[in-house]
1. Go through (1) assigned to a helix (DSSP H, G or I); (2) touching a helix residue (DSSP H, G or I) at 6+ places or on another chain (Cβ under 8 Å) and name the single condition Gln37 misses.
2. Among the residues of segment 1-24, are any of a type in the set (Val, Ile, Thr), closer than 21 Å to Phe115 by Cα, at pLDDT 95 or above and in contact with a Phe, Trp or Tyr (Cβ under 8 Å, 6 or more places away or on another chain)?
3. Kindly provide the set of residues from segment 38-53 that are within 17 Å of Thr24 (Cα to Cα) and free of Cβ contacts under 8 Å to residues at least 12 places away in the same chain, ordered by number.
4. Let me confirm something: among Val61, Val45, which residue is open to solvent by less than 20 Å² (accessible area, probe 1.4 Å) and either acidic (Asp, Glu) or outside any loop (DSSP other than H, G, I, E, B) (or both)?
Amino acid sequence: MQAIQELEKSYRKSQLPQVQSGDTVRVHQRIREGGKQRIQIFEGVIIRTHRLGELSAVITVRRIASGVGVEKTFLLHSPNVTKVEVVRRSKVRRNFLSYLRGRRGKSARLQEVDFDRVSANVKEEVAPTPGAADEIEQLAEAQAADDAGDADVTEIAPESIVEDVSTDEVAKEENKEAAADDASAEVDPAGENLDETALPAEEAEAGETRAEDEDSRAQHPVE
C-alpha cells in the first residue's frame, strides 16, 4: 500500500483549484498534433465532480455549442490539463446536475453567488513525471533536429545548384556560334567583308549609274 501511495504522489499535482458542481470554469487542455502542441480552452458548467481527493479526480463540464449540448470529462491530475480557471460560482444543492441536460435558455441558468476568486484559482504546479519529462525532451530534440535540417538546406551555395536547360536553348546557342564562325571566315585579307548578300547591292548601284549616263547622252546628243 505504501508503494502505491508513493507512486501516486509522483503523479499528483501539488495544488488544484477549489472546484465544485455549478461552477463555470475554463479548462486549458494541451492538444498534441504530430510533433506540435497547442492549448485548447473549453468553457462550461461543472455538472458533476468525482473523487476530488484522489489521483483519479475528474470533473464533467457541459456547454452549449451551436444549439447542441457538449460534455467533456477531465482528469484534474492529468499533465494535459494545464489550468482550470473558476469564472463564476452558482448555488446548487446536489453534486450531479443532470437536470441541466433537458433545459435551454433562461431555465438552465443557475443562481450566482459571490466567492473569493483569488483563493479559488490557485496557481497549479505540475509534478515532474518520468514519462512526461522524457516525452517533452524527445519533442524538443525532434524540433531542434528539424530546425537544423532547415538551416542546412538554406545554406547551399548557388554554384552547386544545377539549372535545367531545354534542348531548344542549347540548339539556339550552337546556331549562334556557327553563324559567328562563318562570318569571321568570309573576310578577305584586305579586311573587306565578302558576304554574298552585299554583292547584289553593289551591282545594283553600278547598273543605276550606267542608266543615268545613257539618259543624259540621249537628252544631249553630241553634234
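The values are calculated or read from the model by the stated rules, or taken from the named source; none is laboratory data. None of the values given here were measured: they were computed from a predicted structure. Note: ideal-geometry Cβ built from the backbone for every residue, glycine included; neighbour counts use all protein chains shown. Each accessible area value is taken on the protein alone, full model and side chains, heavy atoms only, with ligands, DNA and RNA left out. Shrake-Rupley method; radii C 1.70, N 1.55, O 1.52, S 1.80 Å.
1. Just one mismatch for Gln37, condition (1).
2. no
3. His50
4. Val61
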